[in-house]
Every structure is written in structure tokens, then in C-alpha cells.
1. Out of the GluC sites (Glu not before Pro) in region 267-346, which ones are loop residues according to DSSP with at most 15 other C-beta atoms within 10 Å?
2. Could you give me the ³J(HN,Hα) list for region 566-581, computed from phi with Karplus coefficients 6.51, -1.76, 1.60 and θ = phi - 60°, whole Hz, x at Gly and Pro?
3. For HIS275, what accessible area in Å² do you get when you roll a 1.4 Å probe over the heavy atoms of the protein chains, rounding to the nearest 10?
4. Need one value: the accessible area of THR330 in square angstrom, 1.4 angstrom probe, rounded to the nearest 10.
5. Report ³J(HN,Hα) in whole Hz for each residue of region 302-317, in order, from the Karplus equation J = 6.51 cos²θ - 1.76 cosθ + 1.60 where θ = phi - 60°; Gly and Pro get x.
6. Mind grabbing the accessible area of ARG585 for me, 1.4 Å probe, Å², rounded to tens?
7. Can you list the residues, at least 5 places off or on another chain, whose amide H is less than 5 Å from the amide H of VAL281, using H built in the peptide plane?
8. Which log10 I(q)/I(0) values, to two decimals, does region 517-563 give at q = 0.17, 0.18, 0.28, 0.29 Å⁻¹ under the Debye formula with one point per Cα?
Amino acid sequence: MADPSSYRPKPGQIPDSPGVYKFRDEHRRVIYVGKAKNLRQRVANYFQDLANLHPRTRTMVTTAASVEWTVVSTEVEALQLEYSWIKEFDPRFNVKYRDDKSYPYLAVTLNEEFPRVQVMRGAKKKGVRYFGPYGHAWAIRETVDLMLRVFPVRTCSAGVFKNAARTGRPCLLGYIGKCSAPCVGRVTPEEHRDLAEDFCDFMAGRTGTYIRRLEKDMMQAAEEMEYERAARLRDDAGALKRAMEKSAVVLADATDADLIAVAEDELEAALQIFHVRGGRVRGQRGWVTDKVEAVDTSGLVEHALQQLYGEERGDAVPKEVLVPALPEDTEAVSQWLAERRGSQVSLRIPQRGDKKDLMATVQRNAQQALGLHKTKRASDLTTRSRALEEIAEALGLDTAPLRIECYDISHLQGDDVVASMVVFEDGLARKSEYRRFQIKGFEGQDDVRSMHEVIGRRFKRYLQEKERTGEWEEQTGDTPADGPAATGPAPSGPVPAVGPTAEDAEPREDDGRPKRFAYPPQLVVVDGGQPQVAAARRALDELGIDDIAVCGLAKRLEEVWLPDDDDPVVLPRSSEGLYLLQRVRDEAHRFAITYQRAKRAKRIRTSPLDDVSGLGETRKQALIKHFGSVKKLRQATIDEICEVPGIGRRTAESVAAALASTAPAAPAVNTATGEIIEEDDGGSS
């Protein structure tokens, strides 16, 4: 690990001009490339106190052994040079998007004497016109098959073309009218190129001209009683319309735009791009990246724009680029895009209307892509094994933690304080083992005290079940668990009251296997830093448990804290172990906040009618509908309540008694005006 002060430039040595800088390691490899409006200010920021740097930036500057820079004239030149150096040196600490799959394009080889229409993947070639990308190659072939009726462009390989030219016989497509057969001289090279360019114009969105021309020719042929030709033109127009229908209209103003959305967490980001041409989605692609540098959403967007348009020219750069966040230097990026297109490019955030709605769709696709990427990564056995080994090594454990339990506290300003326990076995979530807790020992907000209580209750039950020798004696004391958890998100309806149950008292399944809290984890992870870790360790020490490791994961900097250590353990950014700990922590947070929201929703929906024995939801709604509100129902007589269908006299008396016991003591008064504030609780109280 290098000391940044050993290669820090001397004061005044760095110019205050725009430029690009490179950090190199001890082997002279470029490990990071950045740009700046003012090189002196930007580079100096890397040489401040290490404790003030982002962990990823701190790792970069301690890995580097030297820094150098190049001065340029403008910020646009800096942007271009940064992109070129990132492509050339592939620095390990720069964000680099990678395709989550190889997307197929519809390509027209205009660089050949007889242009060919085909499916292409991989790097783009000079002189080839590309359309897409498409999600599937079969979608391209279906579109091409429809359009060859009108634009019979060559689709055969070079070998088939040469063989047909040698024998003087075209292929099958030439016989059925889906190829103009330039191989045997049916059309000249110039006529065939005109067909290929018309094909490209139609695919680029200029569709109305061709369809109107075909329909005009069809009507003229019909008037001249050339019915066969009119029928063929009718079918050609229908084929073009069907080809257009395969990409739905999403923007009514024939917009040419690319929409970019980003979904991210602390470690990774997923990017989705929709290519809209002529108001229709003509292509879609997605990238994922590791966040190996300290970068926010605007930085991710800027990197995406560089990678997306760095090799493009002309119409490949659209008139409009819609993004979720503008780059830090929006003016320079817009100018760079305009230079690549050859005309003005609008770079903005959609604020309203169809474009904002479509951006929401792109954002959902990005979220799904990130979730799918994480699922694929988590399901890989080799990756999970490596993650567990890295955790064991970093925390100094004797063996890999095959069972990990993670705890999180959730509340809303001190109300409805709950906790969650999630379980990962062999690196995978074991949702049947999830548990939820209500904090019972005190009221108010104290995450440290709450963590101590939850850990104590969970492992007190573990000790009770550990002492069992085959028979269970019912416990009459505190029951630590607050009921079994659902295997997934909590239901949206009211959460039933929780507490000791008969199932709590019987800890074994029918086959004799222990359940609930009988299995000890090898590692306890708490969501938080030193205070939460110390509370968890103290709870275990009070119970005499010393063979279970404890750590905490602080979300802000993704640092791992151990009991009694003043400094955190910083796992490498690319560590699978850190990724697994983060996933465990995030799952505990999700499970806790879902439970907390359900409890709060139940409390808000509580009504005085809930206490009436035998009064179901249907009859409650009938009462509220009949009287309009609980306030008016409270003012009704028993005879008036009996008028509601389904309500007998005994039930009416119970309703009246329940509402009388919960009647407000006195009306509220507005002290400024002196007027009485009327109660209108509309069904809940």
C-alpha cells in the first residue's frame, strides 16, 4: 500500500487549466483516468486526509504510485480525451459498463457493391448501417421477411451470391420475388443500391412517404384495371404496415430520442436504454457495472453517454437524449454530443407527458435488470463459496459461516418499533427461517437498546432448546419470538396480534427435527456500526455464548465492524464477501420495514367497531355506509341502528355500548377563532 504523500505533486506544479489526469500503479499501469475543469483543484482533492476520502477513492490513491496530467483547451476536449484513454488503458478503478448479453442488430452493408441485409452482433464496422439493437434475432428476421416484398434487397452470404453468379441461377428468394437477384443481373448495382437506401430510410422512421406512394400507385392501377398489380401493391402496403406494428407507437410526435435509466445500489448499477425512432421503440439494450469509483447517478449517466456515443457519428446520435440526472458539466457533454451528430442535441430530464411515462417504463426495466443480475450472481455455487471464504478470512473465523443471521431495527420516529431476523444458509436466503420481533422492553427510539433486547431474546430461546434432551416443558416466562414470519413480503392487510402461541411452546416438527430457534448461526450480522455491534456482543456475553461471531455492516461506507475494534474491516470493492454481506443486510432491512409499515397501517385503520364481538367486516361497512361516519353512528339510537339490514337488537346494543365507551371527552376548539372543530372520522377513530 503506497503513501499518497510520496507522489503528491508540489504546490503550484499542477496547472489550473482544463485537462485529463491519470493515476498509475508501481508497475506503471494506468489504474484511473479522470477529467477536470480545473486540474489543480481536482487533483489536490485526492491528497487530503485519507479518513476524509470515500473508501473506493482511498483504495485507489493508496494503490497508485504516481499521477500525471495532460492540459487541453476546452472541457469538450477533456471529455473526448478521457473517453479515449479509458478505451485505451481500461483502468481498473473506472466505471465500465458491460453488456449483460450480446444484442443483435439489423445491419445493411452499404460498404459492399451489392449491399446485404443481415443480422449482426459484436463491434460495429465502418460503412455498415445499423438498426436496433433488438431483444431477439427472430424479431429482426420477421421484420425483414415482411419488408423484402417491397424492398427486395440481397440477404444471401458472399458464398451463395458468387455461386448464383457463376451458375446464372438465383436462389429461392429470387424466384419468389423477395430478392431483386443482382447476382444474375436482373437489376444494376445502382438500382440495387437505391433499394438498399430506401430500405434504410424506411427503417430510420421515414415510413409515411412509402406507404402513401404505394397506396397512390394501387389506386392508379385499379383505375387502369390492372387488378393484379393493384393487389400486389395492396399486399406490399399491408406488409409495411405490419412491419411498423411490430414496434408500437410510444411518442406521438415522431420523436427521435434515446431514453436512459439507471438503477443502482451501493455496489452495482444497471443501465437500460430505449432507442425511439419515429415515435416507435426500435431497440433496447442494457448494461451493468460495478461501482469501482465514488460516483453518483449523474456520473453514471456521463459514463454511459461516453460509452454509448463514443464511436458513433451522424444520425446514430439522436436529436434528443433523455436521462434521469444531468451530468455535472451538462454544457460540455451536450456540445460533445452535438459535434458527434453534426447538429444540436437536446440533453434533458423529462418532466411531464408521454416522455416522462416512457422514462418510468425504462426505469422499471433497469430495476428488473439489476435484480436479475443479482439473482444470477447469488445463485452461482462457486461465487457463494468464494464469498463465504472471504468473509471467514476477513473476520478471522475458523470455518466459513454456513448459517448467517442478520438483524435490523425499524420504526417511524420511535413508534411501532420492530426488528427482523433473516437467515442465509450456504449463501442463499432461507425465508422459512425468517422471524419478526416487537420491541417490548421499553418505549421510544433507541436502536442500540432494541438490538440488545432482540439478540437476547433470540438466543435465550436458543439456550432453552439446546438444554432439551427429548421432551419439552412449557415455558411460562418471556417468549422471545413475536410469531412466525411469512415466507416473503408481509401481507398488505391487517397484521394479526402476535405473542406466545401454542406453536412457540412446541419446538419440534412431526418428524422430530428441531425448529424455530434451535439452530445457532456461525455469524450474527447487525445493521449498524460500533454501538449496535457492541450491544449484540454484550447480549451474547450475558447469556454465556462465546462461540458465535458478531459483526456489523455500516451502510454509509459499507464498513464491517467487529466487537472491541476501533477501526473497521474494509473488504475490497470487488469482494464477493462484501456483496453477500450487503445482500444479507438489505434483506433484513426490507423485511423489517415491511413489518413496521404493516403494523402502522393496522394501527391507523383501527376503529371502535373492532371491539364489538361478532361484528364482521361486512356489517361494519354496512353501518358506516348507512350513517356516513362513526360520529353520526355514535349519535344514533339503538332503534335507528336496528334499521340497518343484518343488525339485530343485541348487536345494536353492543355497537352503542362500544361507541359510548370510546366517545371523545370534549370537542376541540380553535383558540385563534373560538370555533368548535367538528369531528369527522369517517370510519376510523
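The values are calculated or read from the model by the stated rules, or taken from the named source; none is laboratory data. A quick note: this is a predicted structure, and the numbers were derived from the prediction, not measured. In this analysis, Cβ positions are derived from the backbone assuming ideal geometry, glycine residues included, and neighbour counts consider all displayed protein chains. The accessibility values were calculated without ligands, DNA or RNA, using every heavy atom of the protein model including side chains. Shrake-Rupley method; radii C 1.70, N 1.55, O 1.52, S 1.80 Å.
1. Details: sites: GLU268, GLU293, GLU302, GLU311, GLU312, GLU320, GLU328, GLU331, GLU339; in loops: GLU293, GLU311, GLU312, GLU328.
Counting only loop positions with at most 15 other Cβ atoms within 10 Å, the GluC sites (Glu not before Pro) in region 267-346 are GLU311, GLU312, GLU328.
2. Values per residue, Gly and Pro as x: 7, 10, x, 8, 9, 6, x, 4, 8, 5, 5, x, 5, 4, 5, 4 Hz.
3. The accessible area of HIS275 comes to roughly 20 Å².
4. Roughly 40 Å² of THR330 is accessible to a 1.4 Å probe.
5. Along region 302-317, the couplings run 5, 4, 5, 4, 4, 6, 6, 10, x, 10, 9, 9, x, 5, 5, 9 Hz.
6. Surface accessible to solvent at ARG585 totals approximately 0 Å².
7. ALA248, VAL250
8. Taking Cα atoms of region 517-563 as identical point scatterers yields -0.46, -0.51, -1.01, -1.05.
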